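Each remark here refers to the structure printed beneath this line.
The values are calculated or read from the model by the stated rules, or taken from the named source; none is laboratory data. Computed from a predicted structure; not experimentally measured. As a convention, Cβ positions derive from the backbone with ideal geometry for all residues, glycine included, and neighbour counts pool all protein chains shown.
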């Protein structure tokens, strides 16, 4: 960074005016009012944990995509776009769209028809209690740890960006989330995710609009990036991936196609209960199929408000941002690019809207975590293993208590992370250990009726163990990076892609081998759970405009067009 | 949105929020018209037209999804 610039770096990135503060306060007041309003409707287990299964495809679809549009995601991916260029958009396009369409058209009917309330719930029906308990326990622990990590990250961002006290941010946000989720359950979480979706779009969309006006359009921006960073390619997606060394991420196109697109994205979007729970709230099978496909179109547009500001940062910011681990006092990090761009273009009022969008994103992320935790704990651990035949109202009460307890544990985790900062990286990595193998287990279970109970459990276990082993070896000795990630140049994101690929393959191979030597379950036990034994409505008599398959195909065509444009 | 429970549609709350924010941003944009804030492209008066856009969309959502209409 230029030394002269370091002299006038403020102690916080932005200063809020009275109107900005009013905008933030109004948001807090409204979500609490909505929480109390929705409390009267969350009376049964289905209401509290699945929002009564009465959401339209649009509401479920927006909540589905919004559950993944938290502030950590926005700040982190804008930072990644600054660091890696437009290649970061792979995580929004090939790393999301095919998986969302696949969830809608292929997997959602099974989740929905089986009337399961969760992904571990499906495993319970398909494989029995062992695979379900492994999945539920790991999900519950990881979700609550992630909630704490998110909470801490939010408090740090609020401190850096706004100068807010870290304890004030933690207590205010968790108290608000606790009130509205404990009151309205998934109803509240979904309502707030839809609100957050609008806030994020209206809060962030001005950055690319004003940025492109400043640079004179896309071509002007590209010219400025080339001028500021000569000899580096930040504006092409596939071209620089013919070798590991020709792009800043250190990844080959096979890692993106197979590791990200075919395994990691499929695992996340089709088996992570946090996002799948939103679609399970849909009012019928057709809405459940359409919801992820509607979400896919919005997901495709998100790079406009996340990746483009990162690229514009390369073009217009007077200073060079640095990796978080290398930032000296007074230097800005990659992840600061979005707040910096917000402060660059947004004055009083608009700044408040942008900050509210960030706060809303953090709080919706917390609410998503605790509502998913409450469901999995109550339905997949407490009910099958602790108290089987309690009345429905007992489970609703347990869900409310779980929300409060989950938040208290999250606050504890946040303070723990505050003392041991490196824990944050490990908790985030831990979450990734289970997603890729779980996809293998769920998909094989849906597509192949021969897969046995023990094969499902052992395959999942083998996949998780292999994932943990690869991660540990690569951390202990960097020579393992060239073994698992195929190149010593592979950076963190590239390593995670290959780790996901190999752990999913391990899960599939072990599941198939164990299946071949064990006894399958009888067909009558698998009806509604397996492709060959389930009647899925194909909507042949529905107007073609209302068919999920038509919109799914359109989403894939749009994806291909985008790849060609930004090749 | 909800046939079973007759819940006020979430779109109505979206409308209320956009309308309130639109008014606040529009008014603050007008207030600083002659002395724009020290941001880049401030001469475009983004708060005024962005606030106006929010007011229009918020009013539309509030009207279309007014609670008595949705029941």
inquiry  = Take the conditions part of a helix (DSSP H, G or I) and crowded, with 24+ Cβ neighbours inside 10 Å and apply them to residue A:291. Does it pass?
reply    = yes
task = Looking at (1) modelled with pLDDT of 90 or more; (2) facing chain A (nearest Cβ under 7 Å), find the lone condition where residue B:5 falls short.
result = (1)
ask   = Taking the range A:196-217 as the region of interest, how many residues are touching a helix residue (DSSP H, G or I) at 6+ places or on another chain (Cβ under 6 Å) and closer than 21 Å to residue A:278 by Cα?
value = 5
inquiry  = Among the residues that make up the range A:181-192, is at least one of them closer than 17 Å to residue A:370 by Cβ and more than 14 Å from every other protein chain (Cβ to nearest Cβ)?
reply    = yes
query = Being closer than 19 Å to residue A:18 by Cα and more than 8 Å from chain A (Cβ to nearest Cβ), is that true of even one residue in the range B:49-66?
reply = no
inquiry  = The conditions are (1) closer than 19 Å to residue A:80 by Cβ; (2) in a helix (DSSP H, G or I), and residue A:251 fails exactly one of them. Which is it?
reply    = (2)
message = With the structure loaded, tell me whether residue A:341 is within 10 Å of chain B (Cβ to nearest Cβ) and part of a helix (DSSP H, G or I) or whether it fails that test.
response = yes
ask   = Would you call residue A:13 in contact with a helix residue (DSSP H, G or I) (Cβ under 8 Å, 6 or more places away or on another chain), more than 13 Å from chain B (Cβ to nearest Cβ), modelled with pLDDT under 90 and outside any helix (DSSP H, G or I)?
value = yes
inquiry  = Suppose we filter the range B:31-61 for residues that are within 10 Å of the chain's Cα centre (by Cα) and either closer than 24 Å to residue A:312 by Cβ or touching a residue at least 40 places away in the same chain (Cβ under 8 Å) (or both); how many remain?
reply    = 9
query = How about the range A:227-243: which of its residues are free of Cβ contacts under 8 Å to residues at least 40 places away in the same chain and outside any loop (DSSP other than H, G, I, E, B)?
reply = A:227
query = Of the residues that sit in the range A:229-287 and are within 14 Å of chain B (Cβ to nearest Cβ) and surrounded by 22 or more Cβ atoms within 10 Å (Cβ to Cβ), which one is farthest from residue A:380 (Cα to Cα)?
reply = A:287
ask   = Just to be sure, is residue A:148 in a helix (DSSP H, G or I) and either within 14 Å of chain B (Cβ to nearest Cβ) or over 30 Å from residue A:310 (Cα atoms) (or both)?
value = no
task = Have a look at A:318, A:323 and point out the one that is within 14 Å of chain B (Cβ to nearest Cβ) and over 30 Å from residue A:407 (Cα atoms).
result = A:318
remark   = Apart from one, (1) surrounded by 15 or more Cβ atoms within 10 Å (Cβ to Cβ); (2) touching a helix residue (DSSP H, G or I) at 6+ places or on another chain (Cβ under 6 Å); (3) farther than 28 Å from residue A:454 by Cβ; (4) at pLDDT below 85 all hold for residue A:491; the odd one out is (2)
